[in-house]
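The values are calculated or read from the model by the stated rules, or taken from the named source; none is laboratory data. Quantities reported herein were computed from a predicted structural model and do not represent experimental measurements. Every residue, glycine as well, gets a Cβ built from its backbone with ideal geometry; the counts of neighbours run over all protein chains shown. All accessible areas refer to the heavy atoms of the entire protein, side chains included, with ligands and DNA or RNA removed. Shrake-Rupley method; radii C 1.70, N 1.55, O 1.52, S 1.80 Å.
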Amino acid sequence: MLCHSASRSGRTSWPLAFTLVALSIAAVIVIIFWRIETWPARTAQQSTEQLEKVGKDLRDAFIDIAHLQPRITINNRVYVEQTIPVSELVVLSRRIEVEHELLHTWVGSSKRVKLHGTFIVKAGFDLQQNLSVDLRPNEIIVQLPQARILGIEQEQVDVLAFENGLWNRISGQDMQSELSILPELAREKAAESDLPTEAERALQQQIEQRVHAPQPLHLIFKGGPANQAK
């Protein structure tokens, strides 16, 4: 009698065990299919969150560097609008020294003026033009105006020679003309030394130091070739 009951109990437990196993397998399959079905949406959400984090880093970098917030788009959607509290961004300043000489002879009488000027030349960006940042899953594009000479400040002017002729005298107009030539010479010398290009590289380095993005970051200076920052 006892053996018969145990045998019937064993026969009853096996189908129950198979049923539980089948239900477990079905639950696993449902979970796998659900994960596969929702994977694109979850991936897109994670990608957008990563891009927004990079966008915030770029916004903070420009606020820190240039005291402005650029227009930032993520996958062609505006993330933040541009604000420009300042009109120019000075990136580099360099001391430049120039000389110019006036030598004029009239009826055998010569006058001579030689000046030496020291100027501070500033290079950077005109922020009245558009500045934009476009974040995409495979790259980041920053567009801004090409760097240029923003200003020249006279630091010192020395008179190296001031020689009047007997009847060919140095006039106030002569001196004014010579003084006006010096800053133009400083501007030309700064352009020849490629100071605007150095300003672009300096800005690029500052952005690199502050923004660590997984995708390549390209700086496009309008009117010039694109520079790959990272």
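Residue pairs whose Cβ atoms lie under 7 Å apart, separated by 6 or more positions or on different chains, with the first residue in region 140-159 and under 21 Å from E101 (Cα atoms) and free of Cβ contacts under 8 Å to residues at least 60 places away in the same chain and the second open to solvent by less than 30 Å² (accessible area, probe 1.4 Å) and among the β-branched types (V, I, T), are I152/V121; Q156/T118. Among all positions in region 186-203, there is at least one residue which is open to solvent by 60 Å² or more (accessible area, probe 1.4 Å), on the phi > 0 side of the Ramachandran plot and outside any helix (DSSP H, G or I).
Every residue, every condition in (1) open to solvent by 30 Å² or more (accessible area, probe 1.4 Å); (2) of a type outside the set (G, A, S); (3) not in a strand (DSSP E or B), yes or no:
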| position | (1), (2), (3) |
| --- | --- |
| V133 | no, yes, no |
| N138 | yes, yes, yes |
| I141 | no, yes, no |
| G151 | no, no, no |
| E155 | yes, yes, no |
| D158 | yes, yes, no |
| A161 | no, no, no |
| L166 | yes, yes, yes |
| R169 | yes, yes, yes |
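Going by the conditions given, is R210 basic (K, R) and modelled with pLDDT of 90 or more? So R210 does not fit the description; no.
Can you spot a residue in region 206-219 that is assigned to a loop (DSSP other than H, G, I, E, B) and among the basic types (K, R)?
We begin by selecting, within region 206-219, every residue assigned to a loop (DSSP other than H, G, I, E, B); these are 211-216.
Checking the rest, the ones that are also among the basic types (K, R) come to none.
No, every residue in region 206-219 fails to be assigned to a loop (DSSP other than H, G, I, E, B) and among the basic types (K, R).
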